[in-house]
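The values are calculated or read from the model by the stated rules, or taken from the named source; none is laboratory data. Quick caveat, the model's predicted, so the values are computed rather than measured. A quick note on method: Cβ atoms are made from the backbone with ideal geometry, for glycine too, and the neighbour counts reach across all protein chains shown.
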Amino acid sequence: MVGASNRNDTEQEQEPTERTPLLAKTQEPGTGDTGHETHGVVEAVLDCNTPSLGHDQTRGSDTTKRTDFMIDISKTRFWLIFSGILLQFFVAMFDSTLMASAHPVITSYFNASNAASWLSTAFMLTTTSFNPLFGRVSDAIGRKPLYLFSLTMFVATTLWCALAQSMASFIIARAFCGFGAGGVMAMGAIMTNDLVRIEVRGTYQAYINLFYGLGSSCGAAFGGFLCEHIGWRWAFGIQVPPVLAILVCAIFITPNDLGPLLATKKNLPWRKIIREFDLPGSFFVSCSSAFLILGINLGGNILSWTNPFVIASLITSVVTSVILIWVESKAYRPILPLPMLFSPPRGNLVFSNFFYQIATFSVLFNAPLYFQAVKLDSPSVSGFRLAIPAFSIIIGGVSSGFFITWTGRMKAPQVLGAVCGLVGAIGLSIMWDDIPTWLATIFVIPPSMGQGIMFPATTLAVLATSKQEDQAVMTTTLALWRNLGTVLGVAVSSFIVQNALLAYLEEFMSGPDKAEVSCSKVISAVADMNQIIMRVRKSVEAIRDLKPKYQYEGTGDFPINCNRC
């Protein structure tokens with residue numbers, strides 16, 4: 001704890017607590033000192049009883065007043081940089097959650113709804129695979145080059161999504177878009193760590209949570225609306241101008257010397273710099289994630305579980321994961337820092353977010369499908385239903401950030417967030433066939449609220465228990481496991497829905513005339529029941545055009561599938 005006694009030369013080190021695991025030594029603006037002692041024991045700077053919170057509290061009598069910033073920068077320039085970071089968080093999250101309500105429209109346009117999971121999976125797969133690189137690479141060459149590269153990649157691939165002419169092209173575009181979006185969010189978080197002192201990081205995290213949540217809510221709420229009224233292509237096209245504006249501003253206002261700049265300050269030759277990059281670790285992280293998602297998505301959905309490619313994908317994922325652990329244990333600067341990842345409390349924090357993301361995105365990805373296929377909502381209406389859960393993320397995130405700054409406590413928000421997720425899971429698991437739509441909407445709120453409350457506290461706790469030089473890699477490691485949880489949540493839940501849908505449609509589509517069911521818009525005189533089933537699996541709009549009797553038979557299994565997820 002930091003108090004008056006810490007100003008004495010005879011200061012004695014105290015045991016860190018929940019409220020005191022922050023910076024071990026402060027850093028004056030403009031200095032290159034990381035401000036950490038090598039043993040990593042941290043002292044208090046976030047104690048709510050500390051009267052001089054936000055001011056320099058150094059050892060001895062050399063006490064200097066300071067600002068919220070880690071570097072010598074004017075408030076105007078800082079807010080220009082930080083405003084760009086906030087705006088790119090908004091656009092990136094808008095783009096990410098846009099698919100939650102828009103994917104039924106887009107996949108129906110291409111007549112490939114059974115490939116819906118690939119739209120979000122391709123996006124998150126590249127984010128997961130390449131996100132860890134940004135921490136270590138930016139440590140070496142600086143933050144600005146990677147920030148500008150990520151923004152350029154994001155704007156170019158978003159435009160590609162708007163112009164895609166086939167489902168294959170669109171999925172590839174989403175994959176590259178995920179790389180760009182993951183980069184801008186990773187670099188935004190890392191740059192915030194470089195700019196803002198951790199004592200007040202909770203306040204600025206609240207700002208990030210606000211724009212993160214606004215982007216999530218707008219993407220989920222207005223994705224279907226935009227697809228219906230201006231077309232799904234323009235839903236991506238309108239994202240291009242703001243990202244271009246951020247890119248232009250970043251070129252001129254982002255400091256060139258932001259970050260450790262190990263390559264420059266240590267005068268290392270490029271050959272040694274490249275050798276120190278964990279290229280094998282990056283390769284095996286990408287391979288293990290990619291093959292796992294391939295196997296889960298293809299198995300039972302497009303290919304049978306006995307298909308050699310599916311089996312080979314899953315086996316390859318396991319093998320590369322084992323190799324990854326061995327490679328990272330030997331790496332000089334590992335992409336996946338195993339000692340940090342498997343040591344409390346950081347390991348506990350990271351994996352709690354991983355499992356929470358699996359559960360949350362199982363809900364968020366399938367909720368629009370449920371409302372459109374079972375409740376027969378339009379895409380815009382189903383999107384607006386997701387606005388309430390998305391808005392709850394904003395409330396939870398902003399409240400959590402300010403709570404941490406005011407009290408210095410990071411445990412209570414994480415426990416409360418986990419409880420919210422548990423309540424939501426119980427509610428969703430007991431849904432029945434004729435449940436009122438408003439009640440089903442309410443059941444989706446607690447998992448989102450829990451995410452908003454829990455994740456900011458986890459972010460701050462991971463940073464607070466890491467040395468300054470480790471914060472970039474721990475930021476990307478936390479993002480890696482969150483993204484991996486998102487990918488698995490989407491892929492596994494989609495696998496359950498698609499495979500159960502195939503089995504239950506055959507059971508529910510019953511009756512003596514089931515082979516003669518026709519629909520003018522969707523089935524067009526198709527008399528074979530198997531063809532009807534495939535139509536329903538490929539387009540939720542097919543259900544909306546069926547006769548009431550067959551609508552019930554076609555949707556009766558969706559609540560069952562949602563409960564299974």
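Brief remarks follow.
- Reported count of residues in region 438-459, each being farther than 11 Å from residue 400 by Cβ and crowded, with 16+ Cβ neighbours inside 10 Å, is 8.
- Those residues of region 183-231 which are aliphatic (A, V, I, L, M) and either free of Cβ contacts under 8 Å to residues at least 24 places away in the same chain or outside the structural domain of residue 471 (by TED's automatic domain parsing) (or both), in sequence order: 230
- Residue 142 at positive phi and touching a residue at least 40 places away in the same chain (Cβ under 8 Å): yes
- Failed condition for residue 111, given (1) in a helix (DSSP H, G or I); (2) surrounded by fewer than 22 Cβ atoms within 10 Å (Cβ to Cβ): (1)
- Selection from region 309-353 of residues that are under 25 Å from the mean Cα position of the chain (by Cα) and assigned to a loop (DSSP other than H, G, I, E, B): 333, 334, 335, 336, 337, 342, 343, 344, 345
- Residues in region 301-351 that are of a type in the set (A, V, I, L, M), closer than 21 Å to residue 479 by Cα and in contact (Cβ under 8 Å) with a residue 40 or more places away in the chain: 324, 327, 331, 335, 336, 340, 341, 349, 350.
- Here residue 214 does not qualify as under 16 Å from residue 85 (Cβ atoms), of a type in the set (A, V, I, L, M), assigned to a helix (DSSP H, G or I) and at pLDDT 90 or above.
- Test: residue 466 is touching a Cys at 6+ places or on another chain (Cβ under 9 Å) and either among the small types (Gly, Ala, Ser) or outside the structural domain of residue 350 (by TED's automatic domain parsing) (or both): no
- Residues being in contact (Cβ under 8 Å) with a residue 40 or more places away in the chain and crowded, with 19+ Cβ neighbours inside 10 Å - total across region 145-161: 7
- Test: residue in region 464-475 that is in contact (Cβ under 8 Å) with a residue 60 or more places away in the chain and within 21 Å of residue 217 (Cα to Cα): no
- Remark: pairs (first residue in region 112-123, assigned by TED's automatic domain parsing to the domain that holds residue 487; second residue outside any helix (DSSP H, G or I) and at pLDDT below 70; Cβ separation under 9 Å; 6+ apart in sequence or on different chains) = 112/539; 113/539; 114/301; 114/302; 115/301; 115/302; 117/301.
- Residue ID - nearest to residue 124 (Cα to Cα), chosen from residues in region 170-204 that are touching a strand residue (DSSP E or B) at 6+ places or on another chain (Cβ under 9 Å) and in a helix (DSSP H, G or I): 204
- When 350, 419, 415 are screened for being of a type in the set (A, V, I, L, M, F, W, C), modelled with pLDDT of 85 or more and within 26 Å of residue 123 (Cα to Cα), only 350 passes.
- When residues in region 105-155 are screened for being among the β-branched types (Val, Ile, Thr), modelled with pLDDT under 80 and closer than 17 Å to residue 189 by Cα, 2 of them pass.
- Some residue of region 284-301 being at pLDDT below 80, in contact with a strand residue (DSSP E or B) (Cβ under 7 Å, 6 or more places away or on another chain) and not assigned by TED's automatic domain parsing to the domain that holds residue 105: no
- Of the residues making up region 370-423, those that are within 17 Å of residue 201 (Cβ to Cβ), of a type outside the set (Gly, Ala, Ser) and outside any helix (DSSP H, G or I) are 409, 410.
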